[in-house]
1. Which label belongs to the value computed from this structure, given these candidates for volume of the Cα convex hull per residue in Å³: (i) 284; (ii) 198; (iii) 87?
2. Would you work out what percent of the accessible area of the chain, with all protein chains in place, is carbon or sulfur (probe 1.4 Å)?
Amino acid sequence: MDLQSRKIKFVQEFLKIQSEEVLSQLEHILKIDHSELPEATMKPFTIEEFNSRINQSLEDSKNGEIIEDTTLKSMIDTWK
């Protein structure tokens, strides 16, 4: 079943709900889901912030303050 069909089926079932408690639980789930979306907490950089980060990255690279990609991948693998 594709996403659109699942949504329609969900809405049909949702409209049958008679329980205030179940409705409250679903509302809570939706609030949590939306608040955890990266878009909800992220904002674009200003040009000044963007340029500052680029400059800092270039300085870090010149000073050897970098992590090799293979080292970073190994670190990430331990997060699982």
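The values are calculated or read from the model by the stated rules, or taken from the named source; none is laboratory data. Keep in mind it's a predicted model, so treat the numbers as computed, not measured. Heads up: the accessible areas ignore ligands, DNA and RNA and are worked out on the full protein's heavy atoms, side chains in. Shrake-Rupley method; radii C 1.70, N 1.55, O 1.52, S 1.80 Å.
1. (ii)
2. It is 59 percent, rounded to a whole number.
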